[in-house]
Each structure stands twice: as structure tokens, then as C-alpha cells.
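Quick notes on the structure that follows.
The values are calculated or read from the model by the stated rules, or taken from the named source; none is laboratory data. Values in this document were obtained by computation on a predicted structure and should not be read as measured data. Note that each Cβ is placed from the backbone with ideal geometry, even for glycine, and that neighbours are counted across all protein chains shown. Only protein heavy atoms, including side chains, enter the accessible area calculation; ligands, DNA and RNA are left aside. Shrake-Rupley method; radii C 1.70, N 1.55, O 1.52, S 1.80 Å.
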Amino acid sequence: MLFIIAVVPPFRSAAASVTSKIILTVATPLAPGTKGFDELSKASRVMAADGTEIGQLGGEQREPLKLDQLPPHVAKAVLAAEDAGFYDHSGVDPSAVFRAMFNMAKGGGVSGGSTITQQLAKLNYTGSQRTILRKFKEVLYASQLERKYSKDELLERYLNQVYLGYGAYGFGLASQVYFGVDAAALTPAQAAMLAGKIQAPNALDPYAKADAVKDRRDHVLREMKKHGWLSDTDLSTALATPLDVAPDPETRSASAGGPGRAAHFVSLVGREAGGISALGDNPETRTKQAFTGGYTFETTLDVEAEDAAVEAARRQLGEEGDPTTAIVSVKPGDGAIRVLFGGLDPKVQFDPATQGKRQPGSSFKPYVYLAMLDQRIDPRTEYDSGSPKTLQCRGAPWSVGNYEGEGGGASSVDNAMTHSINTVFAQVMVKVGPTAVQKAAEKVGIPHDSVTPAECAIALGGLRHGVSPLDQAAGFATFAAKGVAAKPYAITRIKDRDGKVIYTHRVDRDQAVDQTKVGVLNASLVDVVENGTGKAASIGRPVAGKTGTTENYGNAWFVGFTPQLATAVWVGHLEGDVPMENVHGTKVTGGSFPARIFSQYMKAATADDPVEQIFTASPDALNLRPPAPPPPPPAQNTTTSSSTSVPVVPLPPTQPAFTVTSRPPSAPTTRRATTTTTTSPPVEPAPTTTVAPSAAQGKNGKG
């Protein structure tokens, strides 16, 4: 039969019909199930916390239609373009099978046209891989579809599922995208243009290749006339009709404000869905379900706060050529991602808020502080803050300098936090060791790969792999929640097409750090905003945080929190660590644009929250080693891993060990005191193994 089809034209039609029926009969017992075919693939909706729809997962946007709602020339145009014998064969094109076998015998790929039924099998079950096995499976699925469904049902499904470019699946939506009309109003010329695009939906673009699209349309029209589906008059009229398409869909999207609200947050929802077992047994299946299953994803996003983040970024850094801003907010103790903003350019798909791993600079110092408390070192201990300073860390020399020469004389660790003095924190790192800082950061939520390998430079934010704004917001949320770390999440519930809840999020949290230690740290971070580098981040209510600026002004951060909301603001360039030394006439530091963006945004985001005090505590609530006096400043700007400190006078007996109320804004929190006590803490020796300094060890945080 295949031979007759191939070489004897007068018998081709009859032989093809007979062969098709033979193939159907033989394949039917072997055919697999067609579960799920009745449910048309559909994009899933993403909803904000207040029920507002903010976007979709999946490009399969469609307006389903019924075959009997369309004028006959719509279906005829599709048949003329794709499968004129659709109503005569049994679902398989024997000539296509023959060509596939012939090409494979020659050593070429599997190719050749397919029937509409075979195309449905490919779209729903087998995929587009060009192998003889795929072609065989396609035949099996086609035979099963032909057995279970009528020709009209299969054609209707095809008209609703086929892709036609610009995100339009099916004739219902494509007619609106390209012509601004319902499918029931399509003319023969319009129907032929859409049918012609099925062959190459992206390549046959009427906005870029109008002549090629018109040639293809006219070919379909002539095929319709050839099969008796179009009169001579209608053919002449259709051929003389210009394409006359609606304005470019991309232009329309831009004029309407670009893609949907919170595009980067919607993308995060899609990635998070890949880890939810309710959607399937593996990440691939889950992702496919999320993007094609027509689910409703209820999320944590606060749309009003998201709008406030966009507005703050636009007001501060919204001019052409300005660096990008990323803003992430996390609910302390819960992990709910309230805001996730990755920049003002809607065309940029890369999301710096979750995917951008950058050097955090001095905004990483709070994790060093926690490691210091874990080793019972009093934050009132004073170190020489001279700069530059060469230390021995892990047996290798480590040169550290202060930002713009700040420092000099004795400084407590608290004062060094307030004014971001690098040389003091470098000496703390020498005492506690990189591994201790690594562990402290991981406990509060910083990913392991961000702080691996554990090197001396991480004390100042010199990380090999960097951290994202989401990482930092989650870490500082632990401070706001009195040491309770909660895994960040975006999806709260998932409903299927019928509205049935198939997934509800359970908060993943634990008491990662002793709350008194966190309270001592928080008191220091409050002082950063009240009296230090973060003054511009003030919001008129209790707030704590830390600035961060990397070498050459390549990245700038402010990360801070109230008891109800932790927020990380990053400013930089997507292409890398591009120096920001002249942005609106100034150098970009953590205390400049990031702090101002934080302030403007957080005032709006927390406007409806009750004013609460930040949990703070005194070092006297901890059993810390008494500080010891520092040595006189060295004659040269060098020092070693050994350091001594000045003891501190204990707080008066009436002072409570810890408190949940922060000091008024005018009260400084730098813990300074002097005494004649000569007791000094034991110094932990540095490892004796000599290690060459890494590239990361030369990176110093600044502000």
C-alpha cells in the first residue's frame, strides 16, 4: 500500500484510505491511554494576598470556543492548510509515515507532515523530538484518539489548542490578538492567514514578514478553492484583501504598562511550584502542571507594598542609565515574602532580587557579631581601629582598610558596627574564625553555598558566591523575630480548576539563635540608624539595620527591619560590579540611595502596622568574658592576630538584663566604659597551617 501511495498517483487516495484504516486497526490494541485529553491545557492564575490577580504561569492564554460557533470557512481554512483529508482518513497519514521511514533509511531525521489527529497526539503526549520511536508513539496515540472522539470533537480541540504566535493559543484568542475581533467574525482572508501561521507561528510574523505571511495566506485560499470550499468570487475578494492586522501586540503591551504586576514575583511562584509534591512526583512534572494545569496560586504578595517599592525605586533611581534597584520584604517569624521587586525595566527577565548573588559588603557584619557572641566575647570590647592594618588570619597575611579612612584610636565592636569600621571587625574575625561566622550566617537563613568556602574576607562581605536580597531579607527577619528563623515562601494555597484546595503551606521555622543574643545585636543595629551610617533609613518609628558598600562602589545595600517587616534594598548594575561613582552627582553607598529607598518604601509599607518596639537586650544578660585593655596603637600600620581590650564597668543594678523597648532616638547605644580591672580574656590561637590568601580575602566591605 505504501508503495502504491508513493508511485501510482491515480490510486493514491484510495490506497491512503485503506492503509490508514489498516494502521488504525493494528495500532488500536497497542494504544496507550489518553488520560487528561478532556482537560484543555490552560495557564494558571497567580493571586496576591488580597485576591488580586497579578499574573499567569504559562503562555497558553486562550479563549475556548465551540466549533458550531464559527463560520464554516474557519474550519475549512485549517483543513486546507493542514489536513484536507481529515474527515476521510482514520487519523494517520500513510504517506507521512512512508517519508519518515524512507528518510530514516537514508540516515536522515524523521520528517514529514502529520494529520490533525497526529498533531494532537504530539501536542498532548509525545512532544516534538524527531525520532522514529516518537513517530510510532504518535501513531498509537492518534489511533486511540480517533477511537474515543468524533472528528468534530478532534477538530474543535485542535482549533482551541494550536499555537499561533504572540502567546495566543487557539483561534479564539488569536483572532483578538491579530484582528481585534471574535473568532465568529473572521473573514475568509483572516481565517486563511491564521491557518497559514500554524506551519510556523513565530517565523510567519505579519509585523516582521508581511510579504511571506501574505504569500502563505494566498496559498491557503487557493487550496480552499481547489477543494470546493471557496467560490471564485470569494477567492478574488480574499486575495485582494490586505493583511490589515491590528497594532503590534508588543506595542500594545508596552502602551498598557508592560507585563503584569510583580512579574519577578510571579516567576518566583513558578520556580517554587517545582518543589511542591502536590503537583507531581518530580520537578519537571510539577513545573509542567503549574504552567498548564489551570491552577489558582494564592500567594503572600502585598500589592500595595509592592506598588510602594516600585514608586520608591522610581523616585530615587528612575532615570535612564541609573543602576537597578531590588527590594525584598519578608515577614519575620513566618517567612512570607510580602514584596519582591527586581527593577523598573519590564523587558529584563533576570531577577536580581532572587537570582542576583552579589557581595554584601558591611551588611554582612551582623553575622560576625553573632559569631562573636557565640564565643562569649563582649561587644563592648575595644580594639585599635587604625587603618590600614595587616593581620594574620588562618596563617596568611590579610590587609584591611577602613572606608575613606574612617577609624583611629580605640573602638568598641558596637561603635564599629555603628560607623562600619572594617579593621575592628577584621580583628574580631581573627578571634572567632571564618567557620564560626559561616555557621552563624547559616543558622539565621543565609544559604550554605553563599558562605562557602569559609574565608576571612566574609567578615567584610567578601563572599565567593554572594547573597541575594531575598537571602538578606530572610536573615535579618530572624533578628526581627527574636532569633526565630523561617524559610521564605511565596505560595500559600493552590486550587485546581474545580476550586478544590490541593495544597496549603505550612510555615517552616525554628528558634535558630538565642533571643538574648539577638537582642544584644539588635541594640547595635538600632544605633546604626539612630547615630551611624544608616541615618537616612529612619522611618519615624523604631527601626534597625545595616548599610553595606563594596569596593569601587560596585554594590550598595541597606538591610533593616521593624518587628513586623524585614527588608533588603540592593542597588547595582545587572551586568556586574560596575563602579557607581557618579550617580546623580554622588558616589553610591549603602547609606545613600539604598537607605533613602528603604525609608520611603518602609514608611508606606508599615503605615497600617501598629508601632512596636524592637526587641533589644544588654550584654550583661549574657555570661560573657570580661573585656581587657587594648595595647597602645602600633608604631606602624600593622598588627597581628593578637589583640587585647578594655574592661567595661557593669551596668547599674537597677538596669534590667534585657528589655523589649528600644531607647528613644536621641539616646546613643554605643556601649563604652572604662575601669582599672586587669583581667584579660584568653586569646584563641590562629591555626598554624600556612594558607595562601584567596582572591576573596582581598575584598573589603566599606559602608
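Could we say that Met429 is open to solvent by less than 10 Å² (accessible area, probe 1.4 Å), assigned to a helix (DSSP H, G or I) and touching a Cys at 6+ places or on another chain (Cβ under 7 Å) here?
Working: open to solvent by less than 10 Å² (accessible area, probe 1.4 Å): yes; assigned to a helix (DSSP H, G or I): yes; touching a Cys at 6+ places or on another chain (Cβ under 7 Å): yes.
Yes: the conditions hold for Met429.
Could you tell me which residue of region 511-540 is least open to solvent (accessible area, probe 1.4 Å), considering only residues that are of a type in the set (D, E, K, R) and under 15 Å from Val413 (Cβ atoms)? Break it down stepwise before answering.
Let us first name the residues in region 511-540 that are of a type in the set (D, E, K, R), namely 514, 517, 527, 530, 535.
Okay, now just the ones that are also under 15 Å from Val413 (Cβ atoms), so 517, 527.
Working: Lys517: 46, Asp527: 1 Å².
Of everything passing the filter in region 511-540, Asp527 is least open to solvent (accessible area, probe 1.4 Å).
Kindly indicate the residue of region 171-210 that is in a loop (DSSP other than H, G, I, E, B) and of a type in the set (Gly, Ala, Ser) and also nearest to Asp244 (Cα to Cα) among those meeting that condition.
Only one residue fits best here, namely Gly180.
Looking at Thr381, Thr418, Thr390, can you tell me which residue is β-branched (Val, Ile, Thr), more than 38 Å from the chain's Cα centre (by Cα) and crowded, with 20+ Cβ neighbours inside 10 Å?
Thr381
Could we say that Ser399 is open to solvent by 10 Å² or more (accessible area, probe 1.4 Å), part of a loop (DSSP other than H, G, I, E, B) and among the hydroxyl-bearing types (Ser, Thr, Tyr) here?
Details: open to solvent by 10 Å² or more (accessible area, probe 1.4 Å): yes; part of a loop (DSSP other than H, G, I, E, B): no; among the hydroxyl-bearing types (Ser, Thr, Tyr): yes.
So Ser399 does not fit the description; no.
Looking for something under 16 Å from Ser362 (Cα atoms) and in a helix (DSSP H, G or I) - is there at least one such residue anywhere in region 479-495?
So far as region 479-495 goes, no, none of its residues is under 16 Å from Ser362 (Cα atoms) and in a helix (DSSP H, G or I).
Output yes when any residue across region 405-425 is farther than 25 Å from Arg376 by Cβ, touching a residue at least 12 places away in the same chain (Cβ under 8 Å) and in a helix (DSSP H, G or I), and no when none is.
Yes, that holds for at least one residue.
Tell me, yes or no, whether region 496-510 has at least one residue that is in contact with a strand residue (DSSP E or B) (Cβ under 6 Å, 6 or more places away or on another chain) and open to solvent by less than 20 Å² (accessible area, probe 1.4 Å).
Looking through region 496-510, none of the residues is in contact with a strand residue (DSSP E or B) (Cβ under 6 Å, 6 or more places away or on another chain) and open to solvent by less than 20 Å² (accessible area, probe 1.4 Å).
Residues checked against (1) part of a loop (DSSP other than H, G, I, E, B); (2) open to solvent by less than 10 Å² (accessible area, probe 1.4 Å); (3) polar (S, T, N, Q); (4) without any contact (Cβ under 8 Å) to a residue 12 or more places away in the chain:
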| residue | (1), (2), (3), (4) |
| --- | --- |
| Val269 | no, yes, no, no |
| Glu272 | no, no, no, no |
| Ala278 | no, no, no, no |
| Phe297 | no, yes, no, no |
| Pro332 | yes, no, no, no |
| Arg338 | no, no, no, no |
| Val348 | yes, no, no, no |
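If I ask for residues that are of a type in the set (A, V, I, L, M) and in a helix (DSSP H, G or I), which ones from region 211-242 would you list?
Ala212, Val213, Val220, Leu221, Met224, Leu235, Ala238, Leu239 - these are the residues of region 211-242 that are of a type in the set (A, V, I, L, M) and in a helix (DSSP H, G or I).
Is it the case that some residue within region 282-295 is touching a strand residue (DSSP E or B) at 6+ places or on another chain (Cβ under 7 Å), surrounded by fewer than 24 Cβ atoms within 10 Å (Cβ to Cβ) and of a type in the set (A, V, I, L, M)?
Within region 282-295, none of the residues are touching a strand residue (DSSP E or B) at 6+ places or on another chain (Cβ under 7 Å), surrounded by fewer than 24 Cβ atoms within 10 Å (Cβ to Cβ) and of a type in the set (A, V, I, L, M).
Restricting the search to region 536-578, which residues are touching a Lys or Arg at 6+ places or on another chain (Cβ under 7 Å), under 18 Å from Gly461 (Cβ atoms) and aliphatic (A, V, I, L, M)?
Answer for region 536-578, where residues must be touching a Lys or Arg at 6+ places or on another chain (Cβ under 7 Å), under 18 Å from Gly461 (Cβ atoms) and aliphatic (A, V, I, L, M): just Val559.
Out of (1) within 30 Å of Asp218 (Cβ to Cβ); (2) among the hydrophobic types (A, V, I, L, M, F, W, C); (3) at pLDDT 95 or above; (4) open to solvent by less than 40 Å² (accessible area, probe 1.4 Å), what's the single condition that is false for Ala246?
(3)
Looking only at region 77-93, decide whether some residue is open to solvent by less than 60 Å² (accessible area, probe 1.4 Å), within 30 Å of Val303 (Cα to Cα), modelled with pLDDT under 90 and part of a loop (DSSP other than H, G, I, E, B).
No, because not a single residue in region 77-93 is open to solvent by less than 60 Å² (accessible area, probe 1.4 Å), within 30 Å of Val303 (Cα to Cα), modelled with pLDDT under 90 and part of a loop (DSSP other than H, G, I, E, B).
Among the residues of region 490-508, is any of a type in the set (Asp, Glu) and within 21 Å of the chain's Cα centre (by Cα)?
yes
Taking Ser363, is it touching a residue at least 40 places away in the same chain (Cβ under 8 Å), in contact with a His (Cβ under 6 Å, 6 or more places away or on another chain) and assigned to a helix (DSSP H, G or I)? Explain how you work it out, then say what you get.
Working: touching a residue at least 40 places away in the same chain (Cβ under 8 Å): yes; in contact with a His (Cβ under 6 Å, 6 or more places away or on another chain): no; assigned to a helix (DSSP H, G or I): yes.
Against the criterion (touching a residue at least 40 places away in the same chain (Cβ under 8 Å), in contact with a His (Cβ under 6 Å, 6 or more places away or on another chain) and assigned to a helix (DSSP H, G or I)), Ser363 does not qualify.
Checking Ser175 against (1) polar (S, T, N, Q); (2) modelled with pLDDT of 90 or more; (3) open to solvent by 10 Å² or more (accessible area, probe 1.4 Å); (4) under 34 Å from the mean Cα position of the chain (by Cα), only one condition comes out false. Which one?
Result: Ser175 fails condition (3) only.
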